[in-house]
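The values are calculated or read from the model by the stated rules, or taken from the named source; none is laboratory data. Since the model is a prediction, treat every value here as computed from it, not as a measurement. Cβ coordinates were reconstructed from backbone atoms using ideal geometry, including for glycine residues, and neighbour counts include every protein chain displayed.
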Amino acid sequence: MLRLRTVALAGVRMMFYDKLKFAGTLFGVIFAVVLTNQQLGVFLGLLAKNTMFIDNASAELWIVPASTETLQPGKPVSMSALYQARTTPGVLWAEPLLSGVATVSLPSGGSEQVTLVGTRPDCWRGGPWNLIAGSSSVLRRPDTMIFEDSERDKLGGLNLGSLREVNGHRMTVGGFTWGLLPFGPSYAFASYDLARELLKTPSDQTSFILVGVDPHADVASVRAAVQARVPTVQVLTREEFSRKIVRYLLLRTGMGVTFGTSTFFGLLVGLVIVSLTMFSSVIDNIREFGTLKALGCRTRDLGILLLVQSVVYGIVGSIAGLALVSRVAEGIRSPKMALVLPHILSIATVALMILLCAVASLLALLRIRKVEPAMVFR
Amino acid sequence: MSNSRVVEVQGLTKTYGGGAVSVQALKSVDFHADRGEFVMLSGPSGSGKTTLLSILGCVLRASSGRLTLFDRDITDAREEELPALRLHLIGFIFQGFNLIASLSASENVALVLRLRGIPPKEAAAEARELLTEVGMPEKIDTLPRDLSGGQRQRVAIARALAGHPPLLLADEPTANLDGHTGLQVTEMLKELARTRGSTVVVVTHDNRIFHLADRIVHIEDGRIQEDQ
């Protein structure tokens, strides 16, 4: 243990002594941390935007058309499934949710699309949420809708009380949400009946059915019971639906490959920088390593020395990099762009960077293995 | 072998490289040093004296011949055993001082002690004591870059003496010092080794310090020419 502490101390002192090399190695780690976290933060932000509806709907179960993979409405769900669900033991409530693309005519003559969401009054299961102006109850008023605040300019300078034609019907702006921007058009909310009228949906059809489960009931059992009653549609738990969407985005949209590639290259470039600077540091101090060997250090001791340096580089670089990323995240935060940086990502980053530095030090270790203690006499 | 014999080599040869480009640095060398002796290995550049010192210091393997350290035949010792032998039995003094640049004078000295398993506080105390003995009490916390050549070599001597190794090997310890400092440092090395009963083998071609030797062994062309 004492030997370990001794080589660890020597390693730390050696790395801080050469400030330029220290800064260079640290730069490599910080570069890798910033790039990977920025990419993963954007990626997680996009995933969150696409699953936020499910996260905010407070429904334990979702009844969705068969083969549904995203929240984009496909084949409609029969309203009979709603009644089947409501009469299933363990179900606390069940509400329909209508969703479809609507066209907003702009005063300039152009048009923009929104994802129109219709929910039932009073309970408003499925939204709106994150309201920064108005309240859900404004949707009770005739021909009133709630739009996304960050899309106000895009939709022709919307204000509370503005009038817009949506799918050919004149609507009044009753409120604004903040940050409800999925991959496609932003969300706009209307009461269920109004949305049905605007989307021309037959009264016996809907897009999705949200189901709340009695807190005392087992969600999996209730899910199975509902599924048995409505075999032609899918009944998914909230987590299953979220995972389905994430899987779809990862595998079917190229998002996974795009962000995965840039994250990989961030790590690779970081690895190369750290590897080369640590190797170059060993070359610069090769005589010192030879001296340590001559004095009685084993190659294993010098491996520990490098490992300690790797851990220090990994921790210091991660902390500096994460601080920088959080500053960047604060700076660019907007409804359209939000970096999601969960604590688990920070913890994983530190662990990954220590691993990266340890792997990077292998090149230096290979060089140290070859150092002959006899070199000190040359 | 005599009980007082610290190191002995018999029929030692060392060949560098192979085939047509091989160079025979040592040719059947017999050498020994006894307890408390201050032996100097002299000879022109390329004569093989540093190669002999490297083999005595267990940092280089001989091509053939036998090496005995403290009555133990270590000719065929495993590679993994050698660091421990060097750490516990041998103190090194190098021509270029070879101090660890990032460690202070006392940390350089204490490093060897701590590697030997001496607790940090005791190691630091012994390091301070040794630095005082070599006349550097005020430079304990100074980094090597802020020391003169003579001061660095004094720190190197303190490091070599740390833990009382019975054998000290010095390679051209005066080569980077002026004549006066070189003589002072060698006198100090001899005195400190004498008080500790350590055996010292010094490689040098500095004839200004020859008078300090108990024995001078002259090597030329890989062979011992004279042992006086």
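Points to keep in mind about this one:
- Within the stretch B:66-97, the only residue that satisfies the criterion of being over 13 Å from B:Val7 (Cβ atoms), surrounded by 14 or more Cβ atoms within 10 Å (Cβ to Cβ) and away from every other protein chain (no Cβ under 12 Å) is B:Ala77.
- Odd one out for B:Thr68, checked against (1) in a strand (DSSP E or B); (2) polar (S, T, N, Q); (3) under 21 Å from B:Val155 (Cβ atoms): (3)
- Only a single criterion out of (1) in contact (Cβ under 8 Å) with a residue 12 or more places away in the chain; (2) in a helix (DSSP H, G or I); (3) more than 15 Å from the chain's Cα centre (by Cα); (4) within 13 Å of another protein chain (Cβ to nearest Cβ) is not satisfied by B:Glu122, namely (1).
- Residues of the stretch A:182-212 that turn out to be touching a Phe, Trp or Tyr at 6+ places or on another chain (Cβ under 9 Å), crowded, with 22+ Cβ neighbours inside 10 Å and farther than 15 Å from A:Trp124 by Cα, as a count: 2
- If only residues of the stretch B:100-113 that are within 8 Å of chain A (Cβ to nearest Cβ) and crowded, with 24+ Cβ neighbours inside 10 Å are counted, the one that is nearest to the chain's Cα centre (by Cα) is B:Val112.
- Filtered residues of the stretch A:168-200 (kept if part of a loop (DSSP other than H, G, I, E, B) and within 30 Å of A:Met255 (Cβ to Cβ)): A:Trp178, A:Gly179, A:Leu180, A:Leu181, A:Pro182, A:Phe183, A:Gly184, A:Pro185, A:Ser186
- Residue in the stretch A:256-266 that is among the small types (Gly, Ala, Ser), more than 18 Å from A:Thr70 (Cβ to Cβ) and under 16 Å from the mean Cα position of the chain (by Cα) present: yes
- Leading residue by the ranking (nearest to B:Arg86 (Cα to Cα)) among those in the stretch A:285-307 that are more than 9 Å from chain B (Cβ to nearest Cβ) and more than 43 Å from the chain's Cα centre (by Cα): A:Phe289
- Annotation note: of A:Val282, A:Val173, the sole residue that is free of Cβ contacts under 8 Å to residues at least 40 places away in the same chain and over 28 Å from the mean Cα position of the chain (by Cα) is A:Val173.
- Among the residues making up the stretch A:220-253, those that are surrounded by fewer than 16 Cβ atoms within 10 Å (Cβ to Cβ) and part of a loop (DSSP other than H, G, I, E, B) are A:Pro231, A:Thr232, A:Thr253.
- Taken as a whole, the structure places A:Ile63 among residues that are modelled with pLDDT of 90 or more and more than 14 Å from chain B (Cβ to nearest Cβ).
Yes/no matrix, rows are residues, columns are (1) within 16 Å of the chain's Cα centre (by Cα); (2) free of Cβ contacts under 8 Å to residues at least 40 places away in the same chain:
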{"position": "B:Lys14", "(1), (2)": "no, no"}
{"position": "B:Gly19", "(1), (2)": "no, yes"}
{"position": "B:Gly43", "(1), (2)": "no, no"}
{"position": "B:Val59", "(1), (2)": "yes, yes"}
{"position": "B:Ala62", "(1), (2)": "no, no"}
{"position": "B:Gly65", "(1), (2)": "no, no"}
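- Enumeration of residues in the stretch A:191-230 that are farther than 20 Å from A:Glu60 by Cβ and of a type outside the set (Ser, Thr, Tyr): A:Asp193, A:Leu194, A:Ala195, A:Arg196, A:Glu197, A:Leu198, A:Leu199, A:Lys200, A:Pro202, A:Asp204, A:Gln205
- The single residue among A:Val29, A:Val12, A:Val42, A:Val33 that is hydrophobic (A, V, I, L, M, F, W, C) and within 14 Å of another protein chain (Cβ to nearest Cβ) turns out to be A:Val12.
- Within the stretch A:254-284, the residues that satisfy the criterion of being hydroxyl-bearing (Ser, Thr, Tyr), buried (at least 20 other Cβ atoms within 10 Å of the Cβ) and away from chain B (no Cβ under 12 Å) are A:Ser275, A:Thr277.
- Lone unmet requirement of (1) within 24 Å of the chain's Cα centre (by Cα); (2) among the small types (Gly, Ala, Ser); (3) within 12 Å of another protein chain (Cβ to nearest Cβ) for A:Ala329: (3)
- Total residues in the stretch A:363-378, condition without any contact (Cβ under 8 Å) to a residue 24 or more places away in the chain and away from every other protein chain (no Cβ under 14 Å): 1
- Enumeration of residues in the stretch A:168-183 that are closer than 18 Å to A:Gly45 by Cβ and in contact with a strand residue (DSSP E or B) (Cβ under 6 Å, 6 or more places away or on another chain): A:Thr177, A:Trp178, A:Leu180
- Of everything listed in (1) among the β-branched types (Val, Ile, Thr); (2) at pLDDT below 90; (3) within 28 Å of B:Phe70 (Cβ to Cβ), the single unmet condition for B:Thr181 is (3).
- Residue in the stretch A:111-133 that is over 17 Å from A:Ala188 (Cα atoms), assigned by TED's automatic domain parsing to the domain that holds A:Arg196 and out of contact with any strand residue (DSSP E or B) (no Cβ under 7 Å at 6 or more places or on another chain) present: yes
- Taken over the stretch B:22-53, residues that are away from every other protein chain (no Cβ under 14 Å), basic (Lys, Arg) and outside any loop (DSSP other than H, G, I, E, B) amount to 1.
- Hits in the stretch B:70-107 (condition: within 14 Å of A:Val376 (Cβ to Cβ) and of a type in the set (Val, Ile, Thr)): B:Ile90, B:Ile93, B:Ile100
- Hey, B:Leu177 under 15 Å from the mean Cα position of the chain (by Cα) and either within 12 Å of B:Met40 (Cβ to Cβ) or in a loop (DSSP other than H, G, I, E, B) (or both) or not: no
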